[in-house]
Amino acid sequence: MDRPSNSTSDNYSARLDKNGPRVLVCSIPKSGTYLLGRIFEELGLEDTCLHISRSESSLYQNGNLQAYRSSPERFRVDQPFRECVSQICPRQFAVSHLPCDSETKKLATELRVVFLHRDLRDCLISLMRFIADSGRDACFGSAWIQMPDGPERLAAFMKTYDWFCAQWVEPLLGWQKQAGVLSVSFEDLMGDNGQVQQRLCVQALCSHVGIDPMAIDLDRILLSALNVSTLTWSGNRSRRDQYWSSAAEATFKKMKGIELNRKLGYDFRNEGLAPIPKLIKQLRFVH
């Protein structure tokens, strides 16, 4: 997979146990999957270039970024889930949007799993922008893409993709409470909740994959990882105030988005509540 040279990973790879953990990212789509992958690379883990699904995998290797984005079917390999997971070697990681069900939970006991999430409103905006930019899902024939970029287009997009929460969010929520799984938010990774929380988040990731968080240069890793274009990057960060509307909110509610957001720790502000801090507890996690 075409990537810029990694200047920091070699510094930290030697600090990983040669028989170290095999890592699997289980993320809600558009919550920073490949951003987290970049952070893992900076920490010295090797990317398998696999995006694992239930009955197939996508091997984003020996191609170019534009082809990966616009024609993912060219890189798909029919492969049972168990066989895909077996290809993750020690000190390697793969990414996925796999659900938390009995089969995946059983295999996940052999791995270090990271569950990655984001406010679902922002996931939907980012997904729309990515599909429009990449041309995936034969979107150029869709009614929503004929509209000007903005709130009207998003509202129409959400009606077309009203299955998003049922298919790509709800089945993954179980990872939050699964023993041994580290839950991480996109907002923490990006520093939206402050630099202290951002650093705690990366330290928790280090501990989860067997790296001493006190032995790394957090600032350098974040600077390197946050300034690189990734497979699903849309050019700049999505801004909710440019897209969201009352029509989008109404559709979001019908999609159970508000309910699912609360389960993920969002939307408490609207209810006058405060989310329970989870990250500090996770820092105490011991394998």
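Legend: calculated FRET efficiency, PHE140 to LEU107, from the Cβ-Cβ distance at R0 = 45 Å, rounded to 0.05, equals 0.75. Annotation: amide H of VAL113 within the under-5 Å range of LEU24, LEU182, sequence separation 5 or more or interchain, hydrogens built in the peptide plane.
Where a ≥ b ≥ c are the square roots of the eigenvalues of the C-alpha gyration tensor, would you call the stretch 78-117 rounded, which needs a/c under 1.5, or, failing that, prolate if a/b is larger than b/c, or oblate? The shape class here is rounded.
Sequence-ordered 3J(HN,Hα) estimates for the stretch 159-168 from the Karplus curve with 6.51, -1.76 and 1.60 and θ = phi - 60° stand at 5, 6, 9, 5, 8, 3, 5, 5, 8, 10 Hz, glycine and proline given as x. Model label points for THR160 and ASP192, set 7 angstrom from Cα along the Cα-to-Cβ axis, are 2.4 nm apart. Close amide H contacts of GLN92 (hydrogens built in the peptide plane, cut-off under 5 Å, sequence separation of 5 or more or a different chain): VAL23, GLU46.
Only the coordinates and a few stated rules stand behind these numbers; no lab work does. Note that the structure is predicted; figures quoted are calculated from it, not measured. Note that each Cβ is placed from the backbone with ideal geometry, even for glycine, and that neighbours are counted across all protein chains shown.
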